[in-house]
Amino acid sequence: MRDIFQDLFNKVFGFFRQAEKEENAKDTAVNRLRVVLMQDRTNLTPELLEKMRGELIELLSKYVEMDKDALELNFEQEGNQMALMLSIPVLRAKDEDEIETENSEDSDEAEEKPEEENLDAENSESTEDTESSAEDTQDEESETKESNTNSKDKSK
Amino acid sequence: MSGRVIVITSGKGGVGKTTTSANIGTALARAGKKVVLIDTDLGLRNLDLLLGLENRIVYTIVDVVEERCKLKQALVKDKKNPNLCLLAAAQTRDKSAITQEQLKDICEELKKDYDFILVDCPAGIEQGFQNAIAGASEAIVVTTPEMSAVRDADRIIGLLEAKEEIQSYKLLLNRVRPNLIKSNDMMSVEDVVEILSADLVGIIPEDTGIITSTNKGDPIVNDDSSLAGKAYNNVARRIMGEDVPFMNLEEDRGVISKVKKFFSGLIGKEK
């Protein structure tokens, strides 16, 4: 008997909590519109976002081992500001030796293909917008670090 | 006389550009202004239907451009209001039948004799749109509180801002449904204005009367009891420079809610 009551209570309580949390249709529309207009206005196309994602993975992989497929890069509304949110599921932070070797490998690579960098420079205009919200990205990053393994990384 | 050329545009189709053109034009003419409505939607003309003038069209804008008639011959006078006339679009031609220059010339010519030249723009952002805005110095961007319409309006605003000749543009929010806004199911007027950051020229409530008035070929501003008609009249007054407050749709919805209140009052008393 008690179980039934408890169950009922949980259901009712859960329903109200859900109703509270759930965004109404109007807010959903406003938020989705803001994001899509942001993209429309800056010409930051999904392809460019994808490119940015790829480059970020490349860069961050030097320092951490992460779940590349679960990495999320999205625009989100933060009050009046648009933020570029980067969520990185960190598997393991690399130690200094690993980072060193990665970096030296990378500098070799850079020498090998200077052409590619020129191509990137053309797109620098549209990536400027993202720099301004770099702080948000960092916040998000540290958040995920906390929730994941290896606190070793924090000391750096 | 040097008239004002105002283009009525939206990007998205079906948000009420033509209805808006017909009603603002009629309202301005009712206020004593001399008005020409130009339908630039070549191949998909509809403004004639909304005005009930479909059987009176002899020449179209393409006939004027191709010099088969004089501009004045192509202007069709409205049935009710001698101040209002229509320059119809050709139904059998496509958007390439006229150029931006030609439309500009027509507007310049009409400016001499009319107070207002309202250009009803086709949907889209291609040549038809470019033609329609060519002769205009002002624009009314029609949108509804729906995502797709607002997004397209944003695009149109971007294009209008890039066009030097357009000195000002205003937003007209059409098909507003106060009860949906109240229940947080629809974006509010404030939401849309904030997102698009543009000045408002009018808020038109959703009104089934629009359907019947279209069926009759008689713009709703001619019906003094209609809420949408009143709202369109207010838009016309604002265009003429009057400072008209935006009506409170909640309040005006009144009749029904008053009846409801009355009944709920009765029930309350019985108890």
How many residues of segment B:117-138 are crowded, with 24+ Cβ neighbours inside 10 Å and out of contact with any helix residue (DSSP H, G or I) (no Cβ under 8 Å at 6 or more places or on another chain)? The answer is 0
Suppose the filter is within 13 Å of chain A (Cβ to nearest Cβ) and out of contact with any Asp or Glu (no Cβ under 9 Å at 6 or more places or on another chain); does B:GLU109 pass it? no
I'm checking my understanding of the structure. Among residues of segment B:193-202 that are hydrophobic (A, V, I, L, M, F, W, C) and within 9 Å of chain A (Cβ to nearest Cβ), which one is nearest to B:ILE239 (Cα to Cα)? B:LEU196
Working only within segment A:30-54, note down all residues that are more than 14 Å from chain B (Cβ to nearest Cβ), without any contact (Cβ under 8 Å) to a residue 40 or more places away in the chain and in a helix (DSSP H, G or I). A:PRO46, A:GLU47, A:LEU49, A:GLU50, A:ARG53, A:GLY54
Conditions (1) of a type in the set (Ser, Thr, Tyr); (2) in the same structural domain as A:ASP95 (by TED's automatic domain parsing); (3) closer than 20 Å to B:SER188 by Cβ: number failed by A:THR28: (2)
Test B:LYS77 against the criterion of being out of contact with any Cys (no Cβ under 9 Å at 6 or more places or on another chain) and either surrounded by fewer than 19 Cβ atoms within 10 Å (Cβ to Cβ) or modelled with pLDDT under 95 (or both), and give yes or no. no
What are the pairs, 6+ residues apart or on separate chains, where a residue within segment B:140-169 that is on the phi > 0 side of the Ramachandran plot has its Cβ under 9 Å from a residue that is assigned to a loop (DSSP other than H, G, I, E, B) and crowded, with 16+ Cβ neighbours inside 10 Å? none
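State which residue is farthest from B:SER148 (Cα to Cα) when the search covers only segment A:29-61 and only residues that are basic (Lys, Arg) and exposed (fewer than 15 other Cβ atoms within 10 Å of the Cβ). Write out each step before concluding.
Just the residues of segment A:29-61 that are basic (Lys, Arg), to begin with: A:32, A:34, A:41, A:51, A:53.
Within this subset, residues satisfying the condition of being exposed (fewer than 15 other Cβ atoms within 10 Å of the Cβ) are A:32, A:41.
On the way: A:ARG32: 11, A:ARG41: 15 Å.
If we take residues in segment A:29-61 being basic (Lys, Arg) and exposed (fewer than 15 other Cβ atoms within 10 Å of the Cβ), then A:ARG41 is farthest from B:SER148 (Cα to Cα).
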So which residues in segment B:139-156 are in a helix (DSSP H, G or I), of a type in the set (Val, Ile, Thr) and either touching a Gly at 6+ places or on another chain (Cβ under 8 Å) or more than 10 Å from chain A (Cβ to nearest Cβ) (or both)? B:ILE156
Is it true that B:ALA136 is at pLDDT 95 or above and away from chain A (no Cβ under 14 Å)? yes
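Of the residues in segment B:174-191, how many are touching a helix residue (DSSP H, G or I) at 6+ places or on another chain (Cβ under 6 Å) and more than 9 Å from every other protein chain (Cβ to nearest Cβ)?
Of all residues in segment B:174-191, those touching a helix residue (DSSP H, G or I) at 6+ places or on another chain (Cβ under 6 Å) come to B:178, B:184-188, B:191.
Still in the running and more than 9 Å from every other protein chain (Cβ to nearest Cβ): B:178.
The number of residues fulfilling the criteria is 1.
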Residues in segment A:5-24: is at least one closer than 25 Å to B:MET187 by Cα, among the small types (Gly, Ala, Ser), loosely packed, with under 11 Cβ neighbours inside 10 Å and modelled with pLDDT under 75? yes
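For (1) surrounded by 18 or more Cβ atoms within 10 Å (Cβ to Cβ); (2) modelled with pLDDT of 95 or more, each residue gets a yes or a no:
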| site | (1), (2) |
| --- | --- |
| B:LYS163 | no, no |
| B:ASN174 | yes, yes |
| B:SER183 | no, no |
| B:ALA198 | yes, no |
| B:ILE204 | yes, yes |
| B:GLY217 | no, yes |
| B:ASN222 | no, yes |
| B:SER225 | no, no |
| B:VAL235 | yes, yes |
If you go through segment B:180-198 one residue at a time, do you hit one that is under 16 Å from the mean Cα position of the chain (by Cα) and either of a type outside the set (S, T, N, Q) or not in a loop (DSSP other than H, G, I, E, B) (or both)? no
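The values are calculated or read from the model by the stated rules, or taken from the named source; none is laboratory data. On a predicted model such as this, the values are computed, not experimentally measured, just so you know. In this analysis, Cβ positions are derived from the backbone assuming ideal geometry, glycine residues included, and neighbour counts consider all displayed protein chains.
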